[in-house]
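**Q** Sharing a structure, written as structure tokens. Questions coming.
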Protein chains: 2
Amino acid sequence: MSAEIDSTNDDAARATRLLGELRASIDNYDAAIMYLLAERFRATERVGHLKAEHKLPPADPSRERQQIERLRTLAKDAKFNPDFAEKFLNFIIKEVIRHHEAVASGNSNAGFVTSSQG
Amino acid sequence: MSAEIDSTNDDAARATRLLGELRASIDNYDAAIMYLLAERFRATERVGHLKAEHKLPPADPSRERQQIERLRTLAKDAKFNPDFAEKFLNFIIKEVIRHHEAVASGNSNAGFVTSSQG
């Protein structure tokens with residue numbers, strides 16, 4: 001009986017340790033993704049200003065279709081769920097369009113990124 | 001007048017070229033982010049199975065608060081909008097919890113990733 005309890009405790013301790021290790025990896029991936037997203041949106045921000053300057057529409061459905069198709073293909077290569085990849089890109093695009101519209105209407109507080117002086 | 005048209009055309013050509021360059025960078029960032037997300041969810045998937053095995057709840061509010069605070073701090077360091085960073089993490093966490101619940105209820109088609117045999 002005591003051996004059984006020990007084995008259960010061992011099992012729980014192993015699970016807790018493994019959970020901690022997995023969470024440490026997740027935190028590292030999230031940090032890497034966050035810094036890449038910051039650069040991604042730095043480019044997006046320049047696109048927004050370029051579109052506003054040249055009176056181009058904030059959304060571009062044919063570009064979006066290409067992005068979605070490409071990301072679904074990359075997701076399959078990464079053995080990642082392509083539906084989730086598409087959902088992720090749609091979330092990003094929705095935010096980007098909201099941002100482009102704010103830039104076009106002259107809202108300077110809409111920024112994804114701050115300038116290096118900020 | 002002709003010079004003015006030329007200058008407008010030059011300007012439009014420059015904008016088109018710059019837009020193309022920015023989009024090429026965005027596509028590269030998206031690919032890098034997609035592959036990192038795939039690894040992030042590979043770890044998440046293992047967390048989901050571990051939680052299901054050990055009957056741990058799919059959501060963990062104190063862990064989520066820590067993740068959000070940490071990502072907001074990292075976002076500021078990257079000169080990135082911390083509110084958007086939080087929105088992004090909330091989107092990811094919502095998907096993850098949905099996934100953990102599906103795993104716990106025995107739905108094997110809920111996977112973010114496919115095994116290397118798949």
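**Q** Let me spell it out: the conditions are (1) surrounded by 13 or more Cβ atoms within 10 Å (Cβ to Cβ); (2) closer than 22 Å to A:Lys76 by Cβ, and B:Asn107 meets all of them except one. Which number is the exception?
**A** B:Asn107 satisfies every listed condition except (1).
**Q** Additional query: Would you mind stating whether B:Pro61 is farther than 30 Å from A:Asp60 by Cβ, free of Cβ contacts under 8 Å to residues at least 24 places away in the same chain and not charged (D, E, K, R)? Break it down into steps so the answer makes sense when it comes.
**A** Values: farther than 30 Å from A:Asp60 by Cβ: yes; free of Cβ contacts under 8 Å to residues at least 24 places away in the same chain: yes; not charged (D, E, K, R): yes.
Judged against the criteria, B:Pro61 is a match.
**Q** Is one or more of the residues making up the range B:2-13 within 11 Å of chain A (Cβ to nearest Cβ) and either in contact with a Phe, Trp or Tyr (Cβ under 6 Å, 6 or more places away or on another chain) or surrounded by 15 or more Cβ atoms within 10 Å (Cβ to Cβ) (or both)?
**A** No - not one qualifying residue is present in the range B:2-13.
Here is a yes/no grid of residues against (1) closer than 17 Å to B:Ala85 by Cβ; (2) among the charged types (D, E, K, R); (3) exposed (fewer than 15 other Cβ atoms within 10 Å of the Cβ):
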residue	(1), (2), (3)
A:Arg65	no, yes, yes
A:Arg70	no, yes, no
A:Ala75	no, no, no
A:Phe80	no, no, no
A:Asn90	no, no, yes
A:Lys94	yes, yes, yes
A:Ile97	no, no, no
A:His100	no, no, no
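**Q** I'd like the full set of residues that are more than 7 Å from every other protein chain (Cβ to nearest Cβ) and crowded, with 18+ Cβ neighbours inside 10 Å, limited to the range B:43-55.
**A** Residues satisfying the conditions are B:Glu45, B:Gly48, B:Lys51.
**Q** Another question about this same structure. For the range B:15-35, give me each residue that is surrounded by fewer than 19 Cβ atoms within 10 Å (Cβ to Cβ) and among the aliphatic types (A, V, I, L, M).
**A** If the condition is that a residue be surrounded by fewer than 19 Cβ atoms within 10 Å (Cβ to Cβ) and among the aliphatic types (A, V, I, L, M), then B:Ala15, B:Leu18, B:Leu19, B:Leu22, B:Ala24, B:Ala31, B:Ala32 are the ones that fit.
**Q** Sticking with this one: I'd like to check which helices (runs of 4 or more DSSP H) are fully inside chain B and have at least 1 residues that are more than 26 Å from A:Leu37 (Cβ to Cβ) and at pLDDT below 95. Full working, then the answer.
**A** Values: elements: B:2-53, B:61-77, B:82-104.
Qualifying helices (runs of 4 or more DSSP H): B:2-53, B:82-104.
The values are calculated or read from the model by the stated rules, or taken from the named source; none is laboratory data. Values in this document were obtained by computation on a predicted structure and should not be read as measured data. Reconstructed Cβ throughout: ideal geometry from the backbone, glycine too, with neighbour counts over all protein chains shown.
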